[in-house]
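The values are calculated or read from the model by the stated rules, or taken from the named source; none is laboratory data. On a predicted model such as this, the values are computed, not experimentally measured, just so you know. Cβ coordinates were reconstructed from backbone atoms using ideal geometry, including for glycine residues, and neighbour counts include every protein chain displayed.
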Amino acid sequence: MENAASQSYLNSHTSPKWTTGFMSWFMSTDHKRIGIMYAFAMFSFFFAAVLLGFLMKLQKMYPASSGWEIIPVEMYGSFFTLHAIIMIFLFIVPGAPAVLGNFFLPLQIGAKDVAFPRVNLLSFWLYLLGAIMAVTGVLLGGADTGWTFTPPYSINTKTISIFGIAFDSISWMLTAAFILGWGTILTGINFIVTIHRMRTKGMGYFKMPLFTWSIYATSWLQVLATPVVGITLLMIVIERIVPVGFFDPAKGGDPVLFQHLFWIYSHPAVYIMILPSMGLVSEIIPTNSQKPIFGYKSIAIASCSIAGVGYLIWAHHMFTTGMSDFAAILFSFLTFFVAIPTAIKVFNWTATLYKGSIALTPAMLFALAFIFNFSIGGLTGMFLGSLSTDIHLHDTDFIVAHFHYTMFGGAAFGLIGGVFHYFSKMSGKMYSIKWAKIGWGFMFIGFNSLYFPMLLLGYYGMPRRYHTYPDIPIFNQLQMISTVGSWILVTGVIIVLWVWLHGLFRGKQTTEQNPWNSSTLEWQTATPPTLFNFEEELEITRDPYDYEAFRGEVKAGTSIGADHV
Amino acid sequence: MNVNYNPASVFNQDVDFSFYLIFMISILCLVGITGFMVFSIIKYNRKNNPKPSNLEGHTGLEIVWTIIPTILVMFIFYFGVQGFLKMRNVPEDAMEIKVEAGMWWWKFTYPNGLEQSTAQGMTVPADTPIYLPLHSVDVVHSFYVPAFRVKMDVVPKPAGVKDNYTWFEASQIGSFDLFCAEYCGVNHAQMISKVHVLTKPDYQAWLDQQTADHEKLLAKNPGKALTISKGCIACHSTDGTKLIGPSFKGLFGKTETVVTDGVDREITVDEAYLKRSIMEPAKDIVKGYQPLMPPLPLTAEEVAAIIEHIKELSE
């Protein structure tokens, strides 16, 4: 046992004895293996959904009058539904916590594993089950309600029958989302308990790395918000099967009530998506600037305030639903209070660069792109939080662009940066840094040329979820630029995924423990980490980002730094 | 000509002011942040600056960049509310045009009872507040005129609950796009109409003309008049083209396969069938079409007139 524990987690495992190869991963309760499995599943889904997005942009290349049709009109609704279901429920909600949280949360706090390793594996299985159900649901039945499932459309719409057999893909998909929610709640509880109970000696709350802080805030949101949407989606399933009227006005229900319940989850969910990536950026920037993060405490507290205030502002998605004017004003007011901690974070990251010693590694490039894209995402959020401008911009391409600026340009760029940051630690291999930077360039330029025109399109009144659009010169030009942007972006995504796969299978072996010379605890483990992470129990004495002290430790030989910095 | 977004109503001033205020603040922030990033990357590059400082924060600076954004967002909030309250408070003397939405059509009912639908668009006098009660017969739609900065969801309500409303006052003469902005099914992107703004005298002349035309047609061919005013022709063509529903041309006497309670059966289109299809549209669905038609409040005479007109189109 002693022997197995000091081997790399890739070669030794705690799975049942009879398991080998694939099964030794699939049955593994090791947080590191689970993280890697999530990574493979999630990025596969991500790539599939990117292709759907690519086709949708291609569809929008020419206006209706041109007769251009890439996606038949009957299928367009299913396209954007499947794109969103995959991107949101299968990719960005589990996102950074599932991949890097699983892998690095125990490493960052000096623990052997998460608090409930078997529950952790159960979460992954629930994720896979839900994912398979959701994808088959749309593929077989062509559900076209959008990811928002707005009733009464989602209650009354009949789904396409396949081979003559009626298939209620909407109920099927809602059940899938319910199961996925379960997985999320379990992961959330798991991480909260891990952070509360399993920090190593000396690691007080304000000695935790910021990625751990962001996972902590996220986990609370997952635990508190997900049950609401779970029950709400089940109510739609019930309403589709038996004639009760929760949300269908024809049966005395209230469709706006659904939207409230839906957004009570789905607004906090956007912070579930973004906070972990903010945490990753808070790791990448100090490492690549070789100096403490600016205002550690305020970033940690801002994470928690974003989570707290984020829970109370859901109805800003509903200013045009005809809810009471007082409620609209109140929710607009509260919305602006989430802008402040968000702004603080952006200022702190930027200020961290000041007088640093900056290395533009691929991870750093993605982190800097995160700040730029996320700033646009956050600032465009003010147009939507302000009541009168929201009335004009709501349900247009402006919203779609704003959302992608935060979720793709923000959350996904942060996650991709995080994977580049931690790649060698996880795999024991190194990718091509040159190609990673080329991929970044394509993604950054492509992303902005795709989505910036969409902000303008929305301002000019282009409604979202349109299969075609009227032949208006300004629409035509902007749609064309946006479509060309999507080609550049997809090229970038393909390069990045290729760099990872190539690195994994053909990359140079490395055992260098701390290639970026980072001061946080996870880099003190072996590369790749051993089965139980740390050979002996550690004691933490300094702040996580105290680089001066860290450099002293490296000199004294008590900490491991990079080979050549 | 397409005047889709140029300012054209009394709301533009408030909305656009808020928009440009936020826009200016955003540009300043973005340029500041990006500029500082680029400056730092160059100035403090590892080659230029191999020895980093150990700066951990600056409380004074952090207080400044907490307080300034707080003040700015309160301004933004205030102007947003100003514009919004104007949109929500309908002037006493507003003229009422009832808006009805369904999959995938709009219907507009004028104060004198004249009804028009998607193809004709909504016609309004300039410089006159127009009050719009918004009624949906099926799912959630959204009434959106970008040029007026007006949007409100058309939400189906349970019996006895008041419908949503909005209002506007057009300040420009012209035709403006009217979009459905809430996804409502396959033909969501075809649920586009126009708002035509005329001068007050032109509007009056137009209304008189339309009403007279409609009455004339009603006297001469009541069925045809009704298929226009009730919006039938939005989904049923009169020239054989396949739209959302089967075409009226050649319909009478035709043999069709319909689905009744999930079972296919063949029928010949006769008066009894047409009557049932108008009064209970969900009963028999012609194969290849969706059950989308809403039941309309029609009198027995009106139904008979429409059937007569369908017969004519089949001769």
| field | Unmet requirement for A:Met208, which otherwise passes all of (1) crowded, with 19+ Cβ neighbours inside 10 Å; (2) in contact with a helix residue (DSSP H, G or I) (Cβ under 6 Å, 6 or more places away or on another chain); (3) at pLDDT 90 or above | value | (2)
| query | Does region A:392-413 contain at least one residue that is more than 11 Å from chain B (Cβ to nearest Cβ) and over 30 Å from A:Leu330 (Cα atoms)? | reply | yes
| note | Of the residues in region B:183-217, those that are within 13 Å of chain A (Cβ to nearest Cβ), closer than 23 Å to B:Pro111 by Cβ and either surrounded by fewer than 17 Cβ atoms within 10 Å (Cβ to Cβ) or of a type in the set (A, V, I, L, M, F, W, C) (or both) come to B:Val195
| Restricting attention to region B:277-289, which residues are surrounded by 15 or more Cβ atoms within 10 Å (Cβ to Cβ) and not acidic (Asp, Glu)? | B:Ser277, B:Ile278, B:Pro281, B:Ile285, B:Val286, B:Tyr289
| Can you name the number of the only condition in (1) within 24 Å of A:Ala131 (Cβ to Cβ); (2) surrounded by fewer than 20 Cβ atoms within 10 Å (Cβ to Cβ); (3) modelled with pLDDT of 90 or more that A:Phe167 fails? | (3)
| Quick one: how many residues across region A:350-363 are part of a helix (DSSP H, G or I) and facing chain B (nearest Cβ under 9 Å)? | 3
| field | Test: A:Phe178 is within 14 Å of chain B (Cβ to nearest Cβ), part of a helix (DSSP H, G or I) and either touching a His at 6+ places or on another chain (Cβ under 8 Å) or not aliphatic (A, V, I, L, M) (or both) | value | no
| request: Grab the strands (runs of 3 or more DSSP E) fully contained in region B:222-315, keeping just those with 3 or more residues being over 30 Å from the mean Cα position of the chain (by Cα) and farther than 24 Å from B:Val186 by Cα. | output: B:263-268
| Counting just the residues of region B:19-50 that are at the interface with another protein chain (Cβ under 7 Å from one of its Cβ atoms) and not in a helix (DSSP H, G or I), which one comes out surrounded by the most Cβ atoms within 10 Å (Cβ to Cβ)? | B:Tyr44
| Is it true that B:Ala119 is closer than 22 Å to A:Pro470 by Cβ, in contact with a helix residue (DSSP H, G or I) (Cβ under 7 Å, 6 or more places away or on another chain) and of a type in the set (A, V, I, L, M)? | yes
| field | Residue satisfying all of: in region A:297-339; of a type in the set (Ser, Thr, Tyr) and more than 7 Å from every other protein chain (Cβ to nearest Cβ); surrounded by the fewest Cβ atoms within 10 Å (Cβ to Cβ) among these | value | A:Ser324
| remark: Within region B:166-182, of all residues that are within 8 Å of chain A (Cβ to nearest Cβ) and assigned to a strand (DSSP E or B), the one surrounded by the fewest Cβ atoms within 10 Å (Cβ to Cβ) is B:Asp177
| Does A:Gly110 satisfy the condition of being at positive phi and surrounded by fewer than 20 Cβ atoms within 10 Å (Cβ to Cβ)? | no
| Given the structure, is B:Tyr78 part of a strand (DSSP E or B) and more than 24 Å from B:Ala282 (Cβ to Cβ)? | no
| Breaking point among (1) among the aromatic types (Phe, Trp, Tyr); (2) closer than 30 Å to A:Tyr545 by Cα; (3) within 14 Å of chain B (Cβ to nearest Cβ), for A:Tyr153 | (2)
| Within region A:549-558, is even one residue polar (S, T, N, Q), assigned to a loop (DSSP other than H, G, I, E, B) and without any contact (Cβ under 8 Å) to a residue 40 or more places away in the chain? | yes
| request: Name, by its number, the condition in (1) in a helix (DSSP H, G or I); (2) under 30 Å from A:Trp516 (Cβ atoms); (3) out of contact with any helix residue (DSSP H, G or I) (no Cβ under 7 Å at 6 or more places or on another chain) that does not hold for B:Ile71. | output: (2)
| How many residues, within region B:229-262, are charged (D, E, K, R) and either within 24 Å of B:Val99 (Cβ to Cβ) or in contact (Cβ under 8 Å) with a residue 40 or more places away in the chain (or both)? | 3
| Any idea which of (1) touching a residue at least 24 places away in the same chain (Cβ under 8 Å); (2) surrounded by fewer than 19 Cβ atoms within 10 Å (Cβ to Cβ); (3) among the basic types (Lys, Arg) is the one A:Lys60 doesn't satisfy? | (2)
| note | Subset of region A:200-237, residues within 30 Å of A:Pro249 (Cβ to Cβ) and polar (S, T, N, Q), comes to A:Thr226, A:Thr232
| query | Being assigned to a helix (DSSP H, G or I), at pLDDT below 95, surrounded by fewer than 22 Cβ atoms within 10 Å (Cβ to Cβ) and not β-branched (Val, Ile, Thr), is that true of even one residue in region A:509-525? | reply | yes
| Just for region A:469-487: of the residues that are surrounded by 19 or more Cβ atoms within 10 Å (Cβ to Cβ) and away from chain B (no Cβ under 14 Å), which one is nearest to A:Leu52 (Cα to Cα)? | A:Ser486
| request: Determine which single condition A:Trp147 fails, assuming it passes every other condition in (1) of a type outside the set (Ser, Thr, Tyr); (2) crowded, with 24+ Cβ neighbours inside 10 Å; (3) within 19 Å of the chain's Cα centre (by Cα); (4) within 14 Å of chain B (Cβ to nearest Cβ). | output: (2)
| remark: Scanning region A:365-391 for residues that are more than 9 Å from chain B (Cβ to nearest Cβ) and over 30 Å from B:Met87 (Cα atoms) gives A:Leu365, A:Phe366, A:Ala367, A:Ala369, A:Phe370, A:Asn373, A:Phe374
| task | Mind listing just one residue for me: the one in region A:409-451 that is within 16 Å of the chain's Cα centre (by Cα) and among the β-branched types (Val, Ile, Thr) and, of those, surrounded by the most Cβ atoms within 10 Å (Cβ to Cβ)? | result | A:Ile416
| message | Being over 23 Å from A:Ala412 (Cα atoms), in contact (Cβ under 8 Å) with a residue 40 or more places away in the chain and more than 14 Å from chain B (Cβ to nearest Cβ) is true for just one of A:Leu233, A:Leu280. Which residue is that? | response | A:Leu233
| query | Restricting attention to region A:283-300, does a residue exist that is charged (D, E, K, R) and either over 25 Å from the mean Cα position of the chain (by Cα) or farther than 24 Å from A:Trp349 by Cβ (or both)? | reply | yes
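Criterion first (hydrophobic (A, V, I, L, M, F, W, C), more than 10 Å from chain A (Cβ to nearest Cβ) and in contact (Cβ under 8 Å) with a residue 60 or more places away in the chain) does B:Leu132 satisfy it? Step through it out loud before you land on a result.
Details: hydrophobic (A, V, I, L, M, F, W, C): yes; more than 10 Å from chain A (Cβ to nearest Cβ): yes; in contact (Cβ under 8 Å) with a residue 60 or more places away in the chain: no.
The answer is no for B:Leu132.
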| request: Would you mind telling me which numbered condition in (1) at pLDDT below 95; (2) at the interface with chain A (Cβ under 10 Å from one of its Cβ atoms); (3) over 28 Å from the mean Cα position of the chain (by Cα); (4) part of a helix (DSSP H, G or I) B:Asp16 fails? | output: (3)
